Amino acid sequence: MSVIYIKGGIVVDPTQGIDGEIMDIFVKDGKIVEESGAGKADTVIDAKGMTVVAGGIDIHAHIAGPKINAGRAMRPEDMKYARNKSGPLRCAMGRVLMTCPAIGYEYARMGYTTAIEPATPALYAIHTHEELDSIPMVDKAVLPLFGNWHLTFKFAAEGDIEKMKAFIAWAIERSKGFGVKVVNPGGVEAWKYGRNVHSLDERIPGFEATPAEVLSTLIKASIELNLPHKVHVHCNNLGVPGSAETTAETIKLAEKIGASKDGRESLHITHIQFNAYTGEKWRDMGSGAEELSKLVNRTPVTVDMGQPIFGHTTTMTADGPFEFALHKLFKSKWINKDVEIETGGGIVPITYRAKSPVNAVQWATGLEFGLLVDADKVVISTDYPNGGPFVEYPYIMTLLMSRKFREKEIEEKGVNSYIEKATSLPSLDVERTFYEIVKMTRSTPAKILGLENKGTLKVGADADITIYPFDCRNVSPEDYEVLLKGLRSVAYTIKDGEIVVKDGEIAKEVWGRTFWVNAVKGATQEIIEEDLNEVFRYYTVSRGNYGVREEWIRRPETIAIEE
Amino acid sequence: MIRDIVCTFCGNACDDIEFEGDYGRNLCPIGEAKFAKKERIKAPMVDGKEVSYEEAIERAAEILKEAKRPLLFGWSSTVNEAIRLGVLLAEKVGGIYDQCSSVCHAPTTLAMIEEGIVGGTLGQAKNRADVVVFWGCNPVEAHPRHPTRYSVMAKGFLTRSRAERRVVVVDVRKTPTAYLATDFYMVEPGSDFMVFTALRSIVNGHEEAVPEEVGGLTKNELKSLAEILLKARYGLIFFGLGVTHSRGHERNVEAVIKLVQDLNRKTRFILQPMRGHFNVVGSGEVAAWEAGFEYAIDFSRGYARFSPGEFTAVEALIRGDCDAAMIVASDPAAHFPKKAVESLKEIPVIQIDPHPNLTTKLADVVIPTAIVGIEAEGTIYRMDGVPLRVKKIRESDYPSDVEILEKILEKVIS
Ligand SMILES: [Zn+2]
């Protein structure tokens, strides 16, 4: 490890209230240090005229595991695009879907240093970790799926928070996961009967519990367990007109329960754009973003955007019934996977067209959330690959920072004028500041994830740093082209104190850590022994073979929750 | 006693094997044979002479470096950790990565590229399916514990016994599996596509379009079969090489995928190919996340190109496109067409395998390794993609596939 001085850069760090001050940053042994503790520099970066921020954090991107990999296998037409030839670095393939080397390289080239895979069946956690281990450059973590697990339904029906805590701790330990992901609670189970659930208070087929009870017990248990990241939910009724109402009801569940013990929010609604439509039919569908943003701003809830990008992509989610609906709608190829008694999933290719009224509303709705929710509560995401490629984050940042750029895009792309009627976007004059954008890509996701050494340039933090080749004080929303170009071409990415990207190109391949949360001390494990043995009679793998051992992971890092 | 051992023979990957010394409990006859002590390759060899591991590895690396476009083939009977190194090696030497799928379930992959696949884990057979169809596959002989563990007699939480499952066999002859069935339909060889299509017509309400006889089944038989499928609460079709390897190939698989898509508009149905080797799924999955494709991958231009029929092992060998080959955990000399084997004889061949086989006879470099799942551990994927860790249950002096491949890769890069 070496010592790096970053001299004279324009620093933006919302965690310290620093907004464009010229400062020196000192890096030693992978951490940010005081000048006095740095010692002699091995490398001095002259950052004059450049902007220095913490490394970006993607809170929700499907980058590893059985879903994206089945998507790759089904879509050679997307994979055949070569991003990098084999040489000192790996060959990197894929346009929207990408191979593991490509994912790592593209994050680093964009100045991102951490990414969260947000949905793995615990049964497939070994596979998901194998892929995470093949992604270079970034730190990572994975959220196992809880929302359709038979044991979740049982403990939710019994309202047994103690057992739910024990179960969460057990499952996260077994999957070497980071937190609790919930996808369409109850709906994926219902799909195994060819159905879905349509409201929070509907009984889940075969069980006594309702989606509301599943969510409430999981939220309460996660708060009591002091998990660094609380429940991360893909709401019921995703992707259909009327979903805004379900999302509002879900938010109100969290409001009723309240914030976490440390004052942070207790629920993260992911890719909220996909769950924010008003109306009863596609014909009268509109955006519920204005109302939902107000609700989010006053409740203990955070969100990420799930911004669609015009063009083709591949949708993939644990929401099996939703993917079946897409398959019927587009008559396109379709992968479905029903997973034992714990979850399921589906994959369908899709194209977002600017001229389509529905896709135009989706595009506008995502941006409304990015503009209207407090920057401390909203994170930039495309729900990769569902909304599109994560490499478009600089494009989204620019849209949020420049009304003129939004107007130009609406004009040039021919975005359907239905958005004038169905969304507030055309009339919104909000323009995010660079400081707010840094929040939405750095400090806010770090806070939501409970990763204290990320998203900040404080002394002691991980030395994950992005240096943009422009002075953030001088960019104006009028010059959106300069802005977009600057955000797309990172001057330096520093990962754990090493320069890994220089002038937009990979300078060194490194391997990040995989964070996982050990919360088993927070709950009495014995109380669920019998329940576990009972459910494993209905698995096709032995309990002894279920899960991942730490020594199978390349660079595991445990976050131990003390009681 | 060691519990929860994963059997490393077929795609079932049964994980409830228990070992007490050399005695294994719960093994099927094929599994027993797999775990029994068998003839081993005694030492590394170069040109028929016993050498040290270092010399064999040195020579293997030399061959790969000197070759313009080596073929790296096999993989379905080793662990993912070794497969990953194989893909990296193919990339670094600008060769071709191909695996056993290209000669077994490749039509399934091709059909999946066209249509996707409606699937699920084997737990759906055990817990939910009340209609189980075996089409052109014979688990009683090829996957012996499949019926008891998963698909016929298993005790699930919704479907609790054999009596609650309607088991249907469709095949060109009365196989041993057919004797387990509630209903058996004998079809004419090569008629799968037509039968699937006729069933789709009936399922979709276009019975009138179906002729009086299709593929050896009368219209009434077809209607009764369609009725069984439609009445399922949750149905499952397992299919095998009888579908992929008869006339029509990937068209057959496309047709059955479409049938299952249609059935999901009426009830719930899934489809599962009966994959053969215990890690044939892994040999496709690892390649997909490392290089973007599952098999038939050429790296000669520095990036990955996928072209079945061009970069598949048999075709590449017959055309004489490969000037060296590395065969890992496989026996192409026994299974490839004669012309492809002849082509292998003309080029330098490296073999990495625990056991001698026909390929050993034509290999220039032979590197014996530990047996995966007995003497070496690692990750494998069951036929439904469920990942499992195979264990090391016996000590051995042989290095693992992973150790050998790491050393070859190191030498190739340096
Ligand atoms: Zn998602």
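The values are calculated or read from the model by the stated rules, or taken from the named source; none is laboratory data. As the structure is a prediction and not an experimental result, all values here were calculated from the model. Cβ: placed from backbone, ideal geometry, glycine included. Neighbour counts: every protein chain shown. Note: areas computed on protein heavy atoms with side chains; ligands, DNA, RNA excluded. Shrake-Rupley method; radii C 1.70, N 1.55, O 1.52, S 1.80 Å.
Annotations
- Where the Cα pairs of the protein assembly as shown fall when distances are cut into 10 Å bins, in %: 2, 12, 21, 24, 21, 13, 6, 1, 0, 0
- Shielding by partners for peptide A:330-338, expressed as the average number of C-beta atoms from other protein chains within 10 Å of each residue's C-beta, is 6.
- Each residue of chain B gets 133 Å³ once the volume of the Cα convex hull is shared out per residue.
- Interface burial in the range A:183-224 reaches 40 Å² or more for A:Lys192, A:Tyr193, comparing the full protein assembly with the chain by itself; accessible area from heavy atoms with a 1.4 Å probe.
- Rolling a 1.4 Å probe over the protein heavy atoms of the range A:419-501, with every protein chain left in place, gives an accessible area that is 47 percent carbon and sulfur.
- Inter-site label distance for A:Glu255 and B:Ser300 at 7 Å from Cα along Cβ, in nm: 6.5 nm
- Excluding ligands, DNA and RNA, the accessible surface per residue across the protein assembly as shown is 33 Å² with a 1.4 Å probe.
- Between the range A:104-174 and the range A:492-563, the Cα center-to-center distance that results, in Å: 8 Å
- Nearest-ten-degree value, helix B:280-291 long axis tilted from longest Cα axis of chain B: 70 degrees
- Loop-located chymotrypsin sites (Phe, Trp or Tyr not before Pro) in the range B:1-107 (DSSP state not H, G, I, E or B) with no more than 14 neighbouring Cβ atoms inside 10 Å do not occur.
- Among the listed pairs A:Lys220/A:Lys447; A:Lys328/A:Lys413; A:Lys192/B:Lys126; B:Lys339/B:Lys361, those with a Cα-Cα distance over 22 Å are A:Lys328/A:Lys413.
- Leaving ligands and nucleic acids aside, the B/A contact buries around 4900 square angstrom of accessible area in total at a 1.4 Å probe radius.
- Of A:Pro477, A:Asn453, A:Ser443, farthest towards positive along the dipole that unit charges on Lys, Arg, Asp, Glu beta carbons give the range A:426-551: A:Asn453
- Restraint check, A:Lys333/B:Lys391; B:Lys68/B:Lys391; A:Lys7/A:Lys140; A:Lys408/A:Lys439; A:Lys331/A:Lys355, Cα-Cα greater than 31 Å: A:Lys333/B:Lys391; B:Lys68/B:Lys391
- 10 Å Cβ neighbours from other chains, averaged over peptide B:261-269: 3
- Residues whose amide H comes within less than 5 Å of that of A:Asn518, counting only those at least five positions distant or on another chain, are A:Ile559, A:Ala560, A:Ile561 (H built at 1.01 Å from N in the peptide plane).
- Relative contact order of chain A: 20 percent, from C-alpha pairs under 8 Å at least 6 residues apart in sequence.
- To put it simply, the accessible area of chain B at a 1.4 Å probe is 51 percent carbon and sulfur.
- Pairs beyond 27 Å (Cα-Cα), from A:Lys294/A:Lys458; A:Lys495/A:Lys521; B:Lys231/B:Lys258: A:Lys294/A:Lys458; A:Lys495/A:Lys521
- The relative contact order of chain B, computed from alpha carbon pairs under 8 Å that lie at least 6 residues apart in sequence, is 25 percent.
- GluC sites (Glu not before Pro) within the range B:292-397: DSSP coil, no more than 15 neighbouring Cβ in 10 Å: B:Glu310, B:Glu346, B:Glu395
- Chain B: angle of helix B:219-231 to the longest principal axis, Cα-based, in degrees nearest 10: 80 degrees
- Counts of other chain beta carbons within 10 angstrom of each beta carbon in peptide B:234-240 average 1.
- Computed over chain A, the alpha-carbon pair-distance distribution with 10 angstrom bins reads 4, 19, 30, 28, 15, 4, 0, each value a whole percent.
- Between B:Glu39 and A:Lys521, the simple label model (points 7 Å from Cα in the Cβ direction) yields a spacing of 5.8 nm.
- In the range A:445-487, the trypsin sites (Lys or Arg not before Pro) that fall in loop regions by DSSP, at most 16 other Cβ within 10 Å: A:Lys458, A:Arg473
- In the range B:106-273, one over the average inverse separation of all distinct C-alpha pairs is 15.6 Å, which is the Kirkwood hydrodynamic radius.
- Inter-probe distance in nm under a simple model that places probes 7 Å from Cα toward Cβ, at B:Glu395 and A:Lys458: 5.2 nm
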